[in-house]
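The block underneath contains the structure these notes are about, expressed in structure tokens.
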Amino acid sequence: MPFIPHTEADIRAMLASIGVDSIDALFSEVPQRLRAGDHGGLPPGMPEADIMRLMRSRAGACEPYRNFIGAGAYEHHIPAAVWQIATRGEFYSSYTPYQAEASQGTLQVLYEYQSMMTALTALDVTNASLYDGASALAEAVLMAVRAHKSSRRVLMPASVHPAYRRTVRTIVRNQGIELIDVAYDPERGHVDTASLDRLENDDIAALVVPQPNFFGVLEPVDRLTDWAHAHGALALALVNPLAIALLKPPGKWGANGADIAVGDGQPLGIPLSAGGPYYGFMACRKDLVRQMPGRVVGRTVDLDGKPGFTLTLQAREQHIRRSKATSNICTNQGLMVTASTIHMALLGAEGLRRTAAECHAGLMHLLGNLSAVPGVKRRFSGPVFHEAVLDCAAPVEDLLRALRAQGILGGLGLKRHYPELATGLLVCVTETKNECDLLELAGQVLRIMGEGRTSAAAERTIAH
Amino acid sequence: MAASACARSPEFALLIFELSQPGRAAAAQLPDAGASASSIPPEHLRSEPPDLPQVSELDVVRHYTRLSQRNYAIDTQFYPLGSCTMKYNPRACNAAALLEPFLALHPQALDETGQGFLACMYELQEMLAAITGMAGVSLAPMAGAQGELAGVAMIRAYHDARGDAARREILVPDAAHGTNPATATMCGYTVREIRTGPDGDVDIGALAQAVGPHTAGLMLTNPSTLGVFERGIEEIERIVHAAGGLLYYDGANLNAILGRIRPGDMGFDVLHLNLHKTFSTPHGGGGPGAGPVAAAEHLVSFLPLPTVGRAGEAYRLLGADDCPRSIGPLSAHMGQAGVLLRAYVYARMLGSEGARRVADFATLNANYLMTELRNAGFELAYPQRRASHEFIVTLKRLKERTGVSAMDVAKRLLDKGFYAPTTYFPLLVPECLLIEPTETESMQTLDRFVAAMQDILHEAETDPQCLKSAPHTTPVRRLDEVKAARELDLAWRR
């Protein structure tokens with residue numbers, strides 16, 4: 001039977017030592033009614049060769065596409081070394097570094113991760129990661145409310161990823177926290193700053209500031225950060241960690257910088273992988289560190305004065321504080337962070353900046369190509385990073401279906417998330433797309449839109 | 001032997017930052033420098049690059065390979081960490097999850113492009129429901145603690161939907177994991193602890209007095225964190241349900257009963273599983289885990305999103321439109337999808353018979369190890385009880401006699417080539433070691449562990465200082481945790 005090494009002789013010897021005559025006897029304290037019957041309910045077990053054959057066939061049923069969807073999960077090059085090292089058994093099959101002396105590898109990786117993430121965000125401290133970007137935002141909302149003390153109202157712009165907003169609602173809904181929508185400017189696609197000024201009750205714990213926002217548009221982060229601080233609220237940055245290798249980091253926003261920054265670390269070495277596992281990061285100002293949830297690694301010295309690493313600030317955590325903990329969280333995303341640390345080390349600041357710049361340049365290139373397509377135009381006028389919303393004259397779902405038939409995932413239709421943007425298509429370009437890919441997408445859109453609208457003559461023109 | 005083991009390794013690792021040389025790079029990984037960001041308004045641009053290391057690819061590969069060697073892991077050591085189920089993580093699970101088509105799947109296009117993946121997820125839901133005896137499963141929660149959050153939020157949604165707003169209290173045994181009370185607080189509940197009787201079972205009288213119209217539910221781990229099966233579970237179930245409360249099953253210890261006893265049959269209304277424990281997905285140095293929730297029929301409609309539905313041969317993710325009573329999503333996408341794939345492969349490799357043998361051999365190993373350690377002179381916390389898949393040794397008297405603490409024994413085990421058991425948890429038992437061998441360890445490994453523990457017991461009597469200053473062979477010695485917390489150094493600075 002898989003993974004159980006016992007021989008018949010072992011079993012006999014072990015039962016004799018215990019003083020029982022069967023394994024069944026070891027369950028004698030369980031009420032008889034509960035022990036009755038066969039409770040498996042699984043199909044018959046499979047040897048490795050068979051399950052790998054099945055999994056290859058299941059994987060084969062997932063067809064490859066040229067992907068232009070972003071929406072919170074981004075396709076990037078990942079150096080081969082990243083996952084070859086991260087899946088070494090010493091990382092893969094270890095656990096939470098409770099015994100620090102036997103876990104210096106994991107602990108040092110986490111300390112290096114924290115160092116890189118503070119450098120990237122330009123904030124003082126980070127934790128050792130949270131589950132994903134959306135749940136990290138929820139934890140940041142809770143943290144901001146704890147830190148603010150008087151207000152339980154948090155401003156949540158409509159330009160924040162809709163799935164993030166829903167996740168935050170699920171996680172904070174039972175704690176009496178009010179999430180207040182903030183409209184986006186229908187022309188520019190970023191937070192409508194005028195609507196902020198119209199808020200009547202200005203007792204606000206925090207303002208969430210996404211950069212770039214869900215539409216790919218760059219928010220006026222300096223103005224929003226300063227607005228939050230002027231109203232006694234924390235500025236809570238929600239950022240793409242790759243983008244901030246190129247864009248102004250949260251710690252430099254406005255006059256005093258954002259107070260907390262969170263986001264999803266997926267763009268830094270984590271494959272799309274159907275949506276997870278990714279990891280959430282969280283950075284903050286030093287004076288907020290004791291309000292921060294999650295594991296934190298510190299550098300210290302051992303008995304001989306030699307440098308070493310250990311979990312620290314555990315007095316915040318559930319295994320000590322129980323019902324008064326900062327969060328119930330008791331893990332991080334260790335393996336993902338390990339991969340991400342290796343990824344950041346390999347790319348360095350220059351590699352990350354070039355990657356970000358190439359994503360942006362690719363998007364601008366695509367937008368240039370598409371500007372020649374009748375019936376397609378940019379929805380928002382604000383500056384963008386590597387995603388943009390297109391306004392399509394043809395039904396978006398039909399366009400996407402036709403593109404899939406050509407092996408292209410053309411973007412994300414916005415109708416489900418924003419009824420007022422029913423004709424909106426969110427398209428993303430990363431450095432994984434070359435000029436041919438961009439031309440192909442634009443050409444296919446031109447052809448499909450042409451088919452929908454006019455004649456075969458147009459199609460012949462585009463075929464060139 | 002103690003003297004030679006006290007020799008120490010001089011090596012220590014530089015930080016990756018300390019290997020950095022200005023102008024060095026892993027050139028094969030750099031995109032062209034030509035891309036322009038000139039269409040981004042300058043006020044949005046970063047003025048100074050982040051201070052990341054400048055190193056070659058070989059620097060990186062060597063550095064992180066060497067760091068990996070400064071870890072104990074299941075793949076290198078016996079890892080009897082109680083309550084964590086550190087069993088072998090089959091490599092096939094990893095290989096399958098890393099198949100390129102799965103890695104390339106975009107989470108916003110699963111219905112259209114991920115049918116093979118969704119088929120695995122649908123079947124995993126079905127298998128987890130069957131093996132727990134519950135009506136429905138959501139794979140959404142990203143860790144055990146998030147599964148708890150989902151489960152307790154479902155309990156609250158259930159009461160709220162019935163207009164039963166007076167139920168504001170969650171009962172938790174005093175032996176419970178700290179996540180239980182922390183979770184109840186996050187769901188807006190107050191927490192009342194129920195004491196444990198001298199034999200390790202929940203004090204039924206105390207429970208009966210505590211329940212009432214204010215009781216939202218009871219969170220229970222069974223077998224408990226004390227390593228014993230709650231013999232009064234049927235009565236506990238009657239008491240809580242009679243008071244109108246619901247029963248939450250913390251699946252932390254499901255490995256002890258997998259395929260043999262179903263939480264559904266014990267009367268639980270909702271539960272979470274820790275796939276990184278029971279279904280052998282990797283612990284990864286502390287995550288990612290996965291904590292699916294399973295619910296009885298009356299709670300299925302509250303399950304978190306997304307779940308996977310099937311119509312004919314086609315699978316699709318179900319969202320808020322399909323499940324309007326759901327408590328909502330817990331992540332941006334599909335939870336810990338890649339972890340779920342690994343669990344699926346593991347479950348298919350086990351099958352029903354294999355699942356049952358997990359419980360059998362986890363229990364056999366625990367009871368054998370408990371017996372052998374008792375014979376070696378260690379004191380058990382609950383000597384009159386059978387072990388489940390884990391058990392507790394208490395070193396209270398050893399400490400009184402020799403000054404050697406549970407911490408000292410744990411540290412000394414590291415010198416002997418073993419990871420340490422869980423120490424000082426549960427809080428109820430003084431100077432405790434919570435020991436969980438799991439089913440994947442052989443009798444011979446357990447015997448070597450017993451021999452090491454016997455050595456340590458001898459050392460405690462003859463050379464306690466060697467234990468108090470242990471470990472001696474690890475890359476660092478005991479660390480100054482007070483300094484770590486007082487003089488916070490959480491990031492390297494130039």
Computed FRET value (nearest 0.05) for A:Arg198 with B:Asp321, which takes r as the C-beta separation and R₀ as 30 Å: 0.40
Which of B:Thr183, B:Thr65 is most accessible, then next, and so on - probe 1.4 Å: B:Thr65, B:Thr183
Farthest toward positive dipole pole in the stretch B:47-125 [+1 Lys/Arg, -1 Asp/Glu at C-beta], among B:Leu58, B:Thr76, B:Phe117: B:Thr76
Simple spin-label estimate for B:Glu234 and A:Asp21 in nanometres, 7 Å along Cα-Cβ: 2.5
HN-Hα J in Hz across the stretch A:124-141 - Karplus 6.51, -1.76, 1.60, θ = phi - 60°, x for Gly and Pro: 6, 9, 9, 8, 8, 3, 10, 5, 7, x, 5, 6, 5, 5, 4, 5, 5, 4
Theoretical gain in end-to-end length, A:Gln84 to A:Ser28 [0.36 nm per residue, Cα-Cα removed]: 15.5 nm
Cut-off under 5 Å, modelled amide H: who pairs with A:Val301 long-range: A:Gly308, B:Asp480
Heavy-atom accessible area ranking, 1.4 Å probe, most first, across B:Glu436, B:Glu48: B:Glu48, B:Glu436
Sites A:Ile320 and B:Asp480, calculated FRET efficiency, Cβ-Cβ separation with R0 25 Å, nearest 0.05: 0.85
Per residue accessible area in Å² of the stretch A:44-124, where ligands, DNA and RNA are left out and the probe is 1.4 Å: 31
Amide proton proximity set for A:Tyr95, modelled H, under 5 Å, gap of 5+: B:Gly285
Pair A:Arg416, B:Gln209: separation of 7 Å Cα→Cβ label points (nm): 5.3
Long-range HN-HN contacts of B:Thr221 with modeled amide H, under 5 Å: B:Asp250
DSSP bridge orientation in the stretch B:233-352 - percent antiparallel, rounded to nearest 5: 60
Highest-first arrangement of B:398-411, B:159-172, B:32-45, B:280-293, where packing means the average Cβ count within 10 Å: B:280-293, B:398-411, B:159-172, B:32-45
B/A buried area, accessible surface, summed, 1.4 Å probe, Å²: 16200
Carbon plus sulfur fraction of accessible area for chain B, probe 1.4 Å, in percent: 50
In sequence order, calculated HN-Hα J values of the stretch B:400-410 (Karplus, 6.51, -1.76, 1.60; Hz; x Gly/Pro): 4, 7, 10, x, 7, 9, 4, 4, 5, 5, 4
Antiparallel DSSP beta bridges within chain B, percent to nearest 5: 55
The stretch A:134-207: trypsin sites (Lys or Arg not before Pro) falling in loop per DSSP and having at most 10 other Cβ within 10 Å: A:Lys149, A:Arg198
Table column - 3J(HN,Hα) (Hz), the stretch A:418-429, Karplus curve with 6.51, -1.76, 1.60, x for Gly and Pro: 9, x, 6, 10, 4, 9, x, 10, 8, 10, 10, 10
Area accessible to solvent at A:Asp10, 1.4 Å probe radius, in Å²: 10
R0 of 41 Å, Cβ-Cβ distance B:Leu428-A:Arg401: FRET efficiency to nearest 0.05: 0.10
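The values are calculated or read from the model by the stated rules, or taken from the named source; none is laboratory data. All values derive from a computational prediction rather than experimental measurement. As a convention, Cβ positions derive from the backbone with ideal geometry for all residues, glycine included, and neighbour counts pool all protein chains shown. Remember, those area values only see protein heavy atoms, side chains included, never the ligands or the DNA or RNA. Shrake-Rupley method; radii C 1.70, N 1.55, O 1.52, S 1.80 Å.
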